[in-house]
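J.: I am attaching a structure below and will ask some questions about it afterwards.
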Amino acid sequence: MPEYTAIILAAGKGTRMKSELPKVMHKLAGKPLIDHVLDTVEKIGISEVLTIVGHGREVVTEHIKGRSEIVIQDDQLGTGHALLQAVPFLKKGKGVLVLSGDQPLLASDTLDYLIKLHEKSKASATVLSAHMDNPYGYGRIITYEGLFKAIVEEKDSDEYQKKIKEINTGTYCFEGFSLQEALARITPKNVQGEYYLTDVFDILLSQGKRIETYCTPDSTQALGINNRVQLAEAEDILFDRIRKYWMMEGVTIVNPSSVFIDADTVLEQDVIIHPFSIIKGKTRIEEGSIIGPSTILEDCYCQKRCRIENTVAREAIIGPDCLVGPFAYLRPQTKLGVGVKIGDFVEIKNSSVGEGSKIPHLSYIGDSYLGKNVNIGAGTITCNYDGHKKHKTVINDDVFIGSNTNLVAPINIGENAVIGAGSTITKDVPSKALALERATQKTIENWQKAKDK
Ligand code: UD1
Ligand code: CA
């Protein structure tokens with residue numbers, strides 16, 4: 001692989017997004033647009049990456065630092081001006097690959113092919129183009145007798161040019177030195193008064209240099225995100241790609257169009273996902289797990305053969321063979337051991353539940369440690385908050401908690417202890433003890449008769 005520096009243009013305001021957030025930070029399938037572009041560049045093995053930032057530079061810089069060098073474009077005077085800012089950082093003899101931060105669907109094999117073609121043809125520049133049924137808004141590729149002549153922006157184009165369907169994707173390969181020379185000569189003489197990167201092609205041609213185009217057969221890869229309609233369109237395409245990818249890897253997705261899987265999710269073979277489920281963030285689901293219907297998992301780790309139904313879970317670790325739901329809510333830092341059962345209307349937060357334990361109905365468990373084979377009766381609540389601070393509940397192995405118990409934290413229930421139903425437990429309970437806290441039942445015989453008198 002020849003040496004290339006990748007330059008990602010990401011300084012634009014993204015006016016058409018109508019947003020406080022810089023355009024490249026808008027998310028697509030769980031992560032910002034810029035991340036998708038960085039992923040693609042990293043996949044083809046380019047390690048030197050420069051990102052041009054400007055509008056909202058603090059947010060973008062903070063997000064990509066460590067993955068890319070940062071070049072600042074103070075005023076956003078156009079794509080040519082943006083690229084010019086990177087010139088002082090370019091190394092002699094290296095090729096330059098230019099990408100747009102707003103083109104997230106570009107695939108790495110397309111980029112690979114573009115570079116190979118560029119090398120083979122020994123052109124000064126190679127433009128990645130695509131055929132669009134609706135080319136509106138894109139720069140058009142003007143050819144004469146099959147040879148590249150120019151790129152004309154929508155706003156600068158005449159009626160004839162507007163009908164051209166081959167568009168500029170905004171991705172290019174350059175021979176470094178030719179690019180530097182040509183960039184220094186562009187001017188803002190156009191309808192928008194901007195320095196167009198695309199003007200370098202006129203200059204290169206006038207110097208008798210050679211320009212090639214590679215038209216990608218998959219026009220969806222060229223989709224540039226300029227507004228929220230295009231963002232939604234791109235996300236639809238990406239979700240479809242992701243679903244097909246996982247199905248080919250051995251995942252069953254029932255009614256695929258109702259299932260949404262983020263780009264960084266990892267699924268294993270023989271996972272089954274039922275309709276209306278959303279798998280978000282960096283969720284990982286291991287072999288044989290059955291998810292859904294109607295389940296949202298975000299940044300969760302589901303180990304082998306989990307069964308999770310009608311559940312919302314975030315930042316939770318769900319051990320092998322767990323049964324969760326229907327209607328469970330697992331909040332961050334929940335950790336379920338092997339074969340745990342969490343039933344309906346149970347909320348768990350920042351708690352670890354040991355192997356074989358059961359919390360089958362109507363419970364809140366927060367800031368707790370539960371050992372192995374604990375049984376939590378219906379309606380049991382950990383009272384973890386005293387109005388100021390959170391406190392911990394410890395329930396050791398083999399404890400049986402009767403229904404409708406309040407465990408007032410901080411509290412420790414010893415191994416094998418039993419708590420009688422309906423108790424409010426405020427003191428630690430030793431191992432093997434029975435603890436009860438309730439008023440003695442009063443039974444008045446023949447009450448109905450007594451009332452009648
Ligand atoms: C650009 C191309 C157009 C192409 C289209 C593909 C030019 C003149 N036009 O148009 O031919 O069909 O992309 O999507 O290049 N940017 C900066 N600094 C600036 C201006 C823009 O960094 O001063 C960045 C933006 O953040 C964006 C990228 O460059 O990531 C493209 O800019 P944008 O304004 O979206 O260009 P288009 O009008 O889409
Ligand atoms: Ca654009």
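J.: GluC sites (Glu not before Pro) within region 1-45: which are DSSP loop residues with at most 11 other Cβ atoms inside 10 Å?
T.: Numbers: sites: Glu3, Glu20, Glu42; in loops: Glu3, Glu20.
Sparse-neighbourhood loop GluC sites (Glu not before Pro): Glu20.
J.: Hey, another quick one. So what does log10 I(q)/I(0) come out to for region 331-394 at q = 0.15, 0.21, 0.24 Å⁻¹, using the Debye formula with one equal point on every Cα and no solvent?
T.: The calculated log intensity ratios at q = 0.15, 0.21, 0.24 Å⁻¹ are -0.39, -0.77, -0.99.
J.: Kindly report, to the nearest 10 Å², the accessible surface of Tyr245 as traced by a 1.4 Å probe over protein heavy atoms only.
T.: 120
J.: A follow-up question, please. Per residue, how big is the convex hull of region 322-453 when only Cα atoms are used? Give it in Å³.
T.: Value for region 322-453: 133 Å³ per residue.
J.: What residues from region 198-230 fall in the zone where the backbone N is under 19 Å from a label point 7 Å along the Cα-to-C-beta line of Asp133?
T.: 216-225, 229-230
J.: Let me ask something additional. Where the centroid of each part is defined by its Cα atoms, how far is region 388-453 from region 261-283 in Å?
T.: 41
J.: Select from Gly339, Tyr364, Val374 the residue farthest towards the positive end of the dipole of region 332-428; place +1 on Cβ of Lys and Arg, -1 on Cβ of Asp and Glu, and compute about the Cα centre.
T.: Tyr364
J.: I would also like to ask the following. Quick one: of the DSSP bridges fully inside region 338-423, what percent are antiparallel, nearest 5?
T.: Taking every DSSP beta bridge with both residues in region 338-423, the antiparallel ones total about 5 percent.
J.: Given a Förster distance of 30 angstrom, what is the FRET efficiency for Lys91 paired with Leu117, based on the Cβ-Cβ distance and rounded to 0.05?
T.: Calculated value: 0.85.
J.: Shifting gears a bit: Rounded to a whole number, what % of the accessible area of the chain do carbon and sulfur atoms account for, probe 1.4 Å? List each step's numbers first, then the result.
T.: Numbers: 11400 of 22020 Å².
Taking all protein chains in place, the chain shows 52 percent carbon and sulfur surface.
J.: Cross-link candidates for Lys165: which lysines have Cα within less than 20 Å, leaving aside residues fewer than 8 places away along the same chain?
T.: List returned: Lys149, Lys155.
J.: Return the subset of Lys27/Lys392; Lys18/Lys162; Lys282/Lys427; Lys349/Lys427; Lys335/Lys427; Lys18/Lys189 for which the Cα-Cα distance in this structure is over 30 Å, preserving the input order.
T.: Too far apart for the 30 Å limit: Lys27/Lys392; Lys282/Lys427.
J.: Where both partners of a DSSP beta bridge lie in the chain, what percent of those bridges are antiparallel, to the nearest 5?
T.: The antiparallel proportion sits near 20 percent.
J.: Given an 8 Å cut-off on Cα distances and at least 6 residues of separation, report the relative contact order of the chain as a percent.
T.: Relative contact order comes out at 8 percent.
J.: DSSP loop (so not H, G, I, E, B), at most 11 other Cβ within 10 Å: list which trypsin sites (Lys or Arg not before Pro) in region 1-86 pass both filters.
T.: Qualifying residues, ordered by number: Lys18.
J.: Grab the Cα-Cα distance for Ala107 and His391, subtract it from 0.36 nm times how many residues apart they are, and report the gain in nm with one decimal.
T.: Full-extension gain reported as 97.3 nm.
J.: Then there's this: Below 8 Å, C-alpha to C-alpha, sequence gap of six or more: please give me the relative contact order for region 94-166 in percent.
T.: 25
J.: Okay, next question. Tell me, how many Å apart are the Cα centres for region 1-46 and for region 152-222?
T.: Each part's Cα centre sits 20 Å from the other's.
J.: Right, something else. So what is Rg over Rh here for region 4-222, counting just Cα atoms and using Kirkwood for Rh?
T.: Using only Cα positions, Rg/Rh for region 4-222 is 0.93.
J.: Next question, about the same structure. Just the ratio, please: alpha-carbon radius of gyration of region 245-435 over 2.2 N^0.38 Å, N its number of residues.
T.: The value comes to 1.07.
J.: Given points 7 Å out from each Cα along the Cα-Cβ axis, report the Cys215 to Arg331 separation in nanometres with one decimal.
T.: 5.7
J.: At 0.36 nm per residue, minus the direct Cα-Cα distance, what do Leu147 and Tyr245 gain on full extension? Give it in nm, one decimal, please.
T.: On the way: separation 98, 0.36 × 98 = 35.28 nm, distance 3.70 nm.
Answer, rounded to one decimal: 31.6 nm.
J.: Let me ask you something else. In the chain, what is the volume of the convex hull around the alpha carbon atoms, normalised per residue and reported in Å³?
T.: 211
J.: Let me ask something else. So how strong a dipole does the chain carry about its Cα centre when Lys and Arg Cβ are +1 and Asp and Glu Cβ are -1, to the nearest 20 debye?
T.: My answer is approximately 1140 debye.
J.: Let me ask you something else. Pick out, in residue order, every one of the trypsin sites (Lys or Arg not before Pro) in region 99-164 that is DSSP loop and has at most 14 other C-beta atoms within 10 Å; say none if there are none.
T.: Lys122, Lys163
The values are calculated or read from the model by the stated rules, or taken from the named source; none is laboratory data. Quick caveat: nothing in here was measured; it's all calculated off a predicted structure. Glycine also receives a Cβ, built like all others from the backbone with ideal geometry; neighbour counts cover every protein chain displayed. Accessible surface areas use protein heavy atoms only, side chains included; no ligands, DNA or RNA. Shrake-Rupley method; radii C 1.70, N 1.55, O 1.52, S 1.80 Å.
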